[in-house]
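Below: one structure, written as structure tokens.
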Ligand SMILES: Nc1ncnc2c1ncn2[C@@H]1O[C@H](COP(=O)(O)OP(=O)(O)OP(=O)(O)O)[C@@H](O)[C@H]1O
Ligand SMILES: [Mg+2]
């Protein structure tokens, strides 16, 4: 062991009460850092999960523009597709194959969607129809788990609607309703299920039915309107969307693009967190710096003796830097451990419905970061005291 | 003569003569040893030479002249007492000769090397390798054991507390009669024991010259006597040179020579 390390360790253990208080102070700041980091990350994870569990991670739609080669200079340029043609994906089986073999894609659901009116007697309500394969009713949104009346099974002639819409029209399971599509087609259906997801956009406006029922309603005998994809990790959506855009030539939209406000909200939270993190680090640096500075004054005579016996300024400075690092490391590890315990405790407190009171993510406390930053900060905090110590004049110090 | 009261330049006075002759002696020493013929005592070779050292302290407008031209030659192997009234400049002179403080003017030669133009770091290195210090107060580091205190100057410079440094420290503690206290914290030792540990520490790097500023000033008579006997013993067995400032005449009487500072200069005895 380097002798300067031994000396530093002896110095911080010599006055164990003062060191203990200092280390506790540092670890308290670290606890705050960990708590804030885990909370902000937890909140962001929670919000993202809430959102991504109910929507498609990537949506594939017919392109508005397609690449065409211009004859005079061999470049690809984007040109508008004719607006006179019906927008649909004709080769969707092929697209499913391509998307299915793309790494990271977990579920693919072909969709025929369109707008319609739900008519009951005199009353009508607009409804966004999602025609999906009966086996894939839960592929994008786990409708089964949100069913409050009836079933999530999609039968021929059956319609599943949101609870708000059902209330609006006074519909119950078994009630017959007339669906008028935007293409003018009509069909008498019966309510087979009512769901409440908790997103008003779904609960108020969306209805699910079998894709085979939707085809004639929206005049799409072969093609589909879109494909909804789920990914193993929703965070990969932008990258995978880019890949799919190239491989399928379809318009490929990651969920983030349709949920910019979520991104903005989590970003703002992140900035608030950074602010608080910065202050906790500052508190650590100031407390270590002032404590070590005091110690250089208390140990002036000793430092004077060292310098008198020809021990270099660097050695004296190193001893103080090491003291800072010791205190920082002790406080960092202690604080990280305590912060983790605290977060685990807080995360386990549940509300009546079994969900967490605080959306805190104990594993996302930024432990590595806070340990590194605290130790580096502690070393920096020791620079001023180290300079003061190495500048002690032996004659002055010894004669006091 | 080991000291000289003249404040003039070297040219005409005895110091320069001594210096030259001492130098030739030191050259002679080698040949003498090889021929096994002792012409002059080896202890007469010059270790430290101070030439016209002046020290003033400035306090705002006021300038205090403390040392007004000190010429001093310290031969190897002697034990010299430095005496003078309180405030006469004993500590100041020791600090300057011990390279802890720079003189306002004047020249210092250690082992025939001029020290005038050395940097602080180089002076520090000289102190570590060639000089030892024993002070009246604040001598030891209270949070370290006697052994660690003795080993400190060597371990800090070497970067490690090696086994051979420990061994030498233990040897020195044995020499000062404290081998049974080697693992005591410095704060657990008596005043006399502390001074003996400090003496052991001053010897850790085999110094040529040890400065002691009132090493017994804080001790009772018995402890003082013990410390002086110890210094004398080390001086005789290891040929270590000592410069000891003291108010105590019995301490001074135990030395080979006495140097007195009166009015900022060395007075003839
Ligand atoms: N840093 C300083 N600034 C101003 N004056 C100083 C300083 N250090 C010493 N002096 C003055 O120099 C003179 C000599 O002081 P010094 O400590 O060398 O005396 P001393 O002979 O060791 O005295 P004592 O026997 O009391 O220890 C004193 O008058 C003192 O006031
Ligand atoms: Mg003095």
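Taking segment A:35-119 and the strands (runs of 3 or more DSSP E) fully enclosed by it, the elements with 3 or more residues that are at pLDDT below 85 are at A:65-69, A:76-80.
Evaluating residue B:103 against the criteria (1) surrounded by fewer than 21 Cβ atoms within 10 Å (Cβ to Cβ); (2) assigned to a loop (DSSP other than H, G, I, E, B) leaves one unmet condition, (1). Residue B:88 satisfies every condition listed in (1) touching a helix residue (DSSP H, G or I) at 6+ places or on another chain (Cβ under 9 Å); (2) within 13 Å of ligand 2 (Cβ to nearest atom); (3) more than 14 Å from every other protein chain (Cβ to nearest Cβ) except (1).
Please tell me if residue A:363 is within 14 Å of chain B (Cβ to nearest Cβ) and more than 16 Å from ligand 1 (Cβ to nearest atom). When the stated conditions are applied, residue A:363 does not pass them. On the basis of being more than 13 Å from chain A (Cβ to nearest Cβ) and in contact (Cβ under 8 Å) with a residue 60 or more places away in the chain, does residue B:115 make the cut? When the stated conditions are applied, residue B:115 does not pass them.
Give the residues of segment B:108-139 that are assigned to a strand (DSSP E or B) and within 15 Å of the chain's Cα centre (by Cα), sorted by residue number. B:108, B:109, B:110, B:131, B:132, B:133, B:134 - these are the residues of segment B:108-139 that are assigned to a strand (DSSP E or B) and within 15 Å of the chain's Cα centre (by Cα).
I'd like to know if segment A:15-34 contains one or more residues that are outside any helix (DSSP H, G or I) and at pLDDT below 90. Within segment A:15-34, one or more residues are outside any helix (DSSP H, G or I) and at pLDDT below 90. If the condition is being away from chain A (no Cβ under 14 Å), within 13 Å of ligand 1 (Cβ to nearest atom) and buried (at least 20 other Cβ atoms within 10 Å of the Cβ), then segment B:45-66 contributes only B:53.
Quick one: would you say residue B:121 is at the interface with another protein chain (Cβ under 9 Å from one of its Cβ atoms) and modelled with pLDDT under 95? For residue B:121, the condition - at the interface with another protein chain (Cβ under 9 Å from one of its Cβ atoms) and modelled with pLDDT under 95 - is met. Of the residues in segment A:176-195, not one is assigned to a helix (DSSP H, G or I) and within 25 Å of residue A:54 (Cα to Cα).
The residue list B:96, B:165 contains one member that is assigned to a helix (DSSP H, G or I) and within 16 Å of ligand 2 (Cβ to nearest atom), which is B:96. Reported count of residues in segment B:133-149, each being over 17 Å from residue A:316 (Cα atoms), in contact (Cβ under 8 Å) with a residue 40 or more places away in the chain and more than 8 Å from every other protein chain (Cβ to nearest Cβ), is 4. Taken over segment B:212-223, the criterion of being away from chain A (no Cβ under 14 Å) and within 16 Å of ligand 1 (Cβ to nearest atom) is satisfied by B:216, B:219.
Among the residues here, residue A:286 does not qualify as more than 23 Å from the chain's Cα centre (by Cα) and closer than 30 Å to residue B:148 by Cα.
Regarding residue B:248, is this residue out of contact with any helix residue (DSSP H, G or I) (no Cβ under 6 Å at 6 or more places or on another chain), away from ligand 1 (no atom under 16 Å from the Cβ) and away from chain A (no Cβ under 14 Å)? Criteria not met by residue B:248.
Could you tell me which of the residues B:94, B:110 is more than 9 Å from chain A (Cβ to nearest Cβ) and within 16 Å of ligand 1 (Cβ to nearest atom)? Going through B:94, B:110 in turn, just one is more than 9 Å from chain A (Cβ to nearest Cβ) and within 16 Å of ligand 1 (Cβ to nearest atom): B:94. Please count how many residues of segment B:206-238 are at pLDDT 90 or above, more than 16 Å from ligand 2 (Cβ to nearest atom) and in a loop (DSSP other than H, G, I, E, B). Within segment B:206-238, residues that are at pLDDT 90 or above, more than 16 Å from ligand 2 (Cβ to nearest atom) and in a loop (DSSP other than H, G, I, E, B) number 3.
To keep it simple, each residue is scored yes or no on (1) touching a residue at least 40 places away in the same chain (Cβ under 8 Å); (2) in contact with a strand residue (DSSP E or B) (Cβ under 8 Å, 6 or more places away or on another chain); (3) away from ligand 2 (no atom under 16 Å from the Cβ).
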residue	(1), (2), (3)
A:301	yes, no, no
A:304	yes, no, no
A:309	no, yes, yes
A:323	yes, no, yes
A:345	no, no, yes
A:350	no, yes, yes
A:362	yes, no, yes
A:380	yes, no, yes
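The set of residues in segment B:67-82 being in a strand (DSSP E or B) and more than 9 Å from ligand 1 (Cβ to nearest atom) consists of B:68, B:69, B:70, B:71, B:72, B:73, B:74, B:75, B:79, B:80, B:81.
The values are calculated or read from the model by the stated rules, or taken from the named source; none is laboratory data. Because the structure is a prediction, the values reported are computed rather than measured. Quick reminder, even Gly has a Cβ in these numbers, built from the backbone with ideal geometry, and neighbours come from all protein chains shown.
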